[in-house]
Amino acid sequence: MRKLSFADKSRAVGTRTPILVEAKVNARWSLDFVHDQFALGRRFRILNIVDDVTRECLAAIPDTSISGKRVARELTALMNARGKPGMIVSDNGTEFTSNAILAWQQRDGAEHCNRVKQQHVGGAVEPSASRHMRGNGGEDDTS
C-alpha cells in the first residue's frame with residue numbers, strides 16, 4: 001500500500017511499495033509507448049511490450065495511431081502465442097485506461113495495474129519499457 005501525507009493540496013508526498021514478482025517467464029509484462037517523427041515531420045508511435053523478468057521485448061508495434069482497441073488486440077495475439085502473464089503494468093496513458101482495455105481485461109486479460117513506473121536515466125525520468133527499447137537492457141542508471 002502507498003502511504004500518503006499531503007504537504008499541500010497540489011502534491012502527494014510518500015513512498016511506493018514495490019510490486020513483488022516471481023522470477024519466471026510471463027510473471028509481469030510492461031507496456032509503454034515511444035514517440036518519434038520522420039524527417040518530413042510525420043509522427044509515429046511504437047507500442048513496446050516487455051517481459052520484466054527476462055527483459056525480452058515481446059513486441060514492438062509501430063503505427064501512426066494506436067488506440068485502446070488496438071492495444072487489446074495486440075495483447076490478445078501475444079497471449080495466444082506466449083501464454084497469459086501474471087500481471088501487466090503500464091502508466092496511466094489514455095490507451096491503457098480506456099473502456100476497450102477495461103472490457104478486454106474483464107473478458108480475457110491478465111491482471112492490469114496502471115502505475116507510473118519510472119527510472120532515472122541521465123537526469124531524466126524514463127518508463128521501464130522505453131528504457132528497454134532504447135538499448136539500456138533494463139539496467140538502472142542511478143548516476
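Over 16 Å apart: what share of the alpha carbon pairs of the range 48-107 falls there, rounded to a whole percent? So the pairs more than 16 Å apart make up 44 percent of the total in the range 48-107. Between Thr54 and Asn26, the built amide H atoms are under 5 Å apart, and every one of these is 5 or more places off in sequence or on another chain. Computed from the Cβ-Cβ distance with R0 of 30 Å, the FRET efficiency linking Arg55 to Ala77 stands at 0.90.
Using the Cβ of Ile101 as centre and a radius below 13 Å, the other residues enclosed give a net charge of -1, where K and R count +1 and D and E count -1.
No value in this document is a laboratory result; all are computed from the given coordinates. All values derive from a computational prediction rather than experimental measurement. As a convention, Cβ positions derive from the backbone with ideal geometry for all residues, glycine included, and neighbour counts pool all protein chains shown.
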